[in-house]
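Let me give you the structure first, and then I'll get to my questions.
Every number in this text was worked out from the coordinates using simple rules, so none of it is lab data. Treat the numbers as computed from the prediction; the structure is a model and nothing was measured. Reconstructed Cβ throughout: ideal geometry from the backbone, glycine too, with neighbour counts over all protein chains shown.
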Amino acid sequence: MTAQVPEYDGCPWPVDPACQTAEWDAYDDAVKDRAVALASSTLERLTARRVGNCPITVRPCHPRLARGSSLPYFYGANWQAQNWDGVWINACGHVSACGCDSTKYVALPAPVGRLDEVKVDGQVVPVSAYRLDSGRYLVRTDGEDWPVTQDLTLPDTEPGTFSVSYLNAYPVDSLGAYAVGVLAMEFAKACSGSKCRLPAGVTSISRQGITMEIPSGVFPGGMTGIREVDSFIALWNPNGSMQSSRVWSPDRPSPRVTT
């Protein structure tokens with residue numbers, strides 16, 4: 001009996017088959033779905049995950065900091081170093097499950113390509129009540145504060161919670177839809193046994209006195225060898241990075257990612 005295999009749980013990119021529409025439509029849905037999944041995950045990786053289509057949900061919350069302090073707290077400002085049981089920390093001063101009382105803005109792990117939904121106490125906050133600054137700071141604009149003390153054991157549909165759902169990448173544009181369409185077509189051809197433009201990973205070949213060398217690996221140098229696709233990759237990842245660079249500090253922990 002064949003073991004059950006989990007379904008692809010990524011987020012397929014929108015596809016524009018462009019001038020390949022007739023050839024693309026000739027494939028059955030199963031082949032097209034598999035080809036789009038492979039092409040989407042490949043381009044997400046080759047763009048160093050700067051471009052994507054998978055939203056995430058984070059639960060903004062500061063870890064418990066100083067005990068017995070009454071220092072004012074504004075996200076990223078008015079910090080004061082304190083020694084807490086032998087550990088030096090930057091304190092905002094509130095004894096709670098996860099930090100201080102409230103703030104006018106919170107920093108989200110960049111990039112923020114699209115804001116989908118913000119919930120406080122299980123209720124959706126109207127879009128008119130906040131804005132996004134500098135591509136990552138969620139600013140409250142209706143006179144209220146964002147809570148940064150919440151119960152992380154509860155789902156974000158309950159009172160006492162705070163969550164932000166957003167696209168943690170740059171959204172797929174029309175060029176990305178075209179590039180993924182071209183790459184998906186090549187995966188569909190390979191799946192069907194037809195001649196395709198995907199690299200075969202050959203390291204050397206000699207024929208009729210001509211020697212060719214191809215770097216090993218599925219996509220050597222972070223490129224596919226397909227001109228249209230590689231042009232898109234070069235826009236987002238010209239240096240062939242494996243992943244986007246990030247700055248991390250133990251004093252500025254990132255929000256918990258729940259999905």
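Using the basic label-point model (7 angstrom from Cα toward the beta carbon), what is the ALA190 to LYS104 distance in nanometres?
Label at ALA190, label at LYS104, 5.2 nm between them.
Can you pull out the trypsin sites (Lys or Arg not before Pro) in the range 127-179 whose DSSP state is coil and whose Cβ has at most 10 other Cβ atoms within 10 Å?
Counting only loop positions with at most 10 other Cβ atoms within 10 Å, none of the trypsin sites (Lys or Arg not before Pro) in the range 127-179 qualifies.
Order these by the 10 Å Cβ neighbour count, fewest first: TYR130, TYR8, TYR137.
The most exposed by this proxy come first: TYR8, TYR137, TYR130.
Same structure, new question: Suppose the chain between GLU7 and ASP29 were pulled fully straight at 0.36 nm per residue; how much longer would it get relative to their current alpha carbon spacing?
Going from the current span to full extension adds 6.4 nm.
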